[in-house]
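Nothing in this text is a laboratory measurement; each read-out follows from the coordinates by a stated rule. Treat the numbers as computed from the prediction; the structure is a model and nothing was measured. Quick reminder, even Gly has a Cβ in these numbers, built from the backbone with ideal geometry, and neighbours come from all protein chains shown.
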Amino acid sequence: MPPKPLDLVSINENVKKAQYAVRGELYLRATELQKEGKKIIFTNVGNPHALGQKPLTFPRQVVALCQAPFLLDDPNVGLLFPADAIARAKQYLSFTSGGLGAYSDSRGIPGVRKEVAEFIQRRDGYPSDPEFVFLTDGASKAVMQILNTIIRGEGDGIMVPVPQYPLYSATIALLGGTLVPYYLEETANWGLDTNELRKSVSEARYKGLNVKAMVIINPGNPTGQCLSQENLREVLQFCYEENLVLLGDEVYQTNIYQDERPFISSKKVLMDMGPPLSKEVQLVSFHSVSKGYFGECGQRGGYFEMTNIPPETVDEIYKVASISLSPNVPAQIFMGLMLNQPKPGDISYDQFARESKGILESLRRRARIMTDGFNSCRNVVCNFTEGAMYSFPQIRLPPKALEIAQQAGKAADVYYCLKLLEATGISTVPGSGFGQKEGVFHLRTTILPAEEEMPAIMDSFKKFNDDFMEQYDDHRGYSRL
Ligand SMILES: Cc1ncc(COP(=O)(O)O)c(C=O)c1O
């Protein structure tokens, strides 16, 4: 009998090659343990509502009304919903032809794309054209759409930071392209070094690759750094000189936990640099409703904005977007609400401001508790989470632990994270899932567990870690390079 088309031996090899550690071995073991009745703290995915973050009231009110438009005809609607939510719901419904149950244009609802462009313009101080803004089912789909447009085959290289969020490595593998890594510098708070970029691109070109794009994740996942204006200028200059399109993943732009390095968009820095760069460097920027204080991961809303991309290419991207007919319509409305929020004087403003500020302030405190907690542990060093939702401590594993892991047939960080999971219920992702320098080990946790649970979680981590180190540490040196 020949193999059938969907037998494992017959399927697309690229599907098998793509790895996604965030829901990998650790996650599967954690779900098994949960089924057996163990309490698991899922810190493997940046999924705020799953860890107790409450949805903001105003956007949910507007979307609820859009979902159930008959409520708008109810004479008592004003008793349940504030007038500004009612007005916004009516406005969004007027943007659609057929409400939330109808497909929209494949680029998204024009009225919402206009709200996105107006937001970008307010944020950066430079014009943004809604014709170059496409709404998507989360930033993940946006990234996939753009990588799909760029990658022609294995000869095409995409520069990706290491450590990186595995959406990039997995999608590049799926599309049959080649990932060109550039390393972030842990000792410089995960900064980006242009010498490293040059080294990476010339090595790749020496191997015959056509390096076409560079990805930055700012603020970083899993590394949590915020890129400085200077760093962004260097990156854009590099892209100009090397003829690369810059893919700016900016989904964490409102998750900032320090004041020294606020978020600055790649678009603003590019425009500030003026011609010829501002007219020539191709840039695609991504954003999402999944992060920030919205944290609406399940809604699947995102957008990308294209700068200096020729209209003919935009038409091709539009054509391909049309194959999926339309992005999620409710998620588009969340995007509009995230970027065009209640203003001072609006009925819902105070509540909205209170709720969103409360979430961000608590995240800022949690970022601090986690970093300090990790740094108080034996053989653990951790950069402060300047932004995003993660902590990425380095675990300096003693040689004996490396030997034991090898005997167990596991990568050393996977072994450590599995032991941590079994002992404490804390489900993390081993650093190898994001890429790390040879012989250096990390794990990633989100900073999302409830603030009141945080001290106990860090205590239980410390107890596990320090016992683990006590057991294996024979003072022969550590894994750290
Ligand atoms: C850096 C980065 N980009 C993109 C995404 C995907 O976001 P979305 O939920 O909008 O697909 C994530 C999700 O965690 C992320 O961390």
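Pairs of Cα atoms nearer than 8 Å and 6+ residues apart set the relative contact order; for the stretch 94-339 it is 26 percent.
So what is the calculated 222 nm ellipticity per residue for the chain, using -39500 (n - 2.57) for each DSSP H run with n of 4 or more, over all residues, to the nearest 500 deg cm²/dmol?
On the way: 18 runs with 211 residues, N = 481.
About -13500 deg cm²/dmol.
When only the Cβ of Lys, Arg, Asp and Glu is charged (+1, +1, -1, -1), the dipole of the chain relative to its Cα centre reaches about 560 debye. 3J(HN,Hα) along the stretch 330-342: x, 5, 5, 5, 4, 4, x, 6, 5, 9, 10, 8, x Hz, from the Karplus curve 6.51 cos²θ - 1.76 cosθ + 1.60 with θ = phi - 60°, whole Hz, x for Gly and Pro. Among 114-127, 323-336, 281-294, sorting by the average number of other beta carbon atoms lying within 10 angstrom of each residue, highest first, gives 281-294, 323-336, 114-127. Plugging the Kirkwood radius over Cα pairs into Stokes-Einstein for the stretch 94-339, at a temperature of 10 °C and a viscosity of 1.306 mPa s, what D comes out in µm²/s? It comes out at roughly 87 µm²/s. Among the listed pairs LYS207/LYS437; LYS291/LYS357; LYS267/LYS343; LYS419/LYS462, those with a Cα-Cα distance over 18 Å are LYS207/LYS437; LYS267/LYS343. Please state the shape class of the stretch 292-411: rounded when a/c is under 1.5, otherwise prolate if a/b exceeds b/c and oblate if not, all from the C-alpha gyration tensor. In terms of gyration-tensor shape, oblate. Subtracting the Cα-Cα distance of LYS4 and GLU154 from their residue separation scaled by 0.36 nm leaves 51.3 nm. For the stretch 396-441, what class follows from the C-alpha gyration tensor (a ≥ b ≥ c being the square roots of its eigenvalues): rounded when a/c is under 1.5, otherwise prolate if a/b is larger than b/c, else oblate? Cα axes put the stretch 396-441 in the oblate bin. With a ≥ b ≥ c taken as the square roots of the eigenvalues of the C-alpha gyration tensor of the stretch 117-195, please select rounded if a/c is under 1.5 and otherwise prolate if a/b is larger than b/c or oblate if it is not? Since a/c reaches 1.5 but b/c is at least a/b, the shape of the stretch 117-195 is classed as oblate. Scoring 192-199, 254-261 by mean Cβ neighbours within 10 Å over their residues and listing the highest first yields 254-261, 192-199.
For the residue pairs LYS4/LYS141; LYS141/LYS212; LYS114/LYS268; LYS17/LYS38; LYS141/LYS319, the alpha carbons lie more than 22 Å apart in LYS4/LYS141; LYS17/LYS38.
With neighbour counts taken as other beta-carbon atoms within 10 Å, the residues MET306, MET159 rank, fewest first, as MET306, MET159. DSSP finds beta bridges in the chain, and of those with both partners inside it, around 50 percent are antiparallel. So how far, in whole Å, is the C-alpha centre of the stretch 281-344 from the one of the stretch 201-229? Their Cα centres are 22 Å away from one another. Only Cα sites of the chain enter the Debye sum here, all with the same form factor; the resulting log10 I(q)/I(0) across q = 0.07, 0.09, 0.12 1/Å is -0.39, -0.65, -1.14, listed in q order. Peptides 431-440, 215-224, 130-139, ordered by how many other C-beta atoms sit within 10 Å of their residues on average, highest first, read 215-224, 130-139, 431-440. Shown in residue order for the stretch 405-413 are the 3J(HN,Hα) couplings computed by the Karplus curve 6.51 cos²θ - 1.76 cosθ + 1.60 at θ = phi - 60°: 4, 4, 4, 7, x, 10, 5, 4, 6 Hz (x for Gly and Pro). Here's the picture: a label point sits 7 Å out from the Cα of GLU316 along the beta-carbon direction, and within the stretch 170-191 the residues with their amide nitrogen under 19 Å of it are 172, 175-178.
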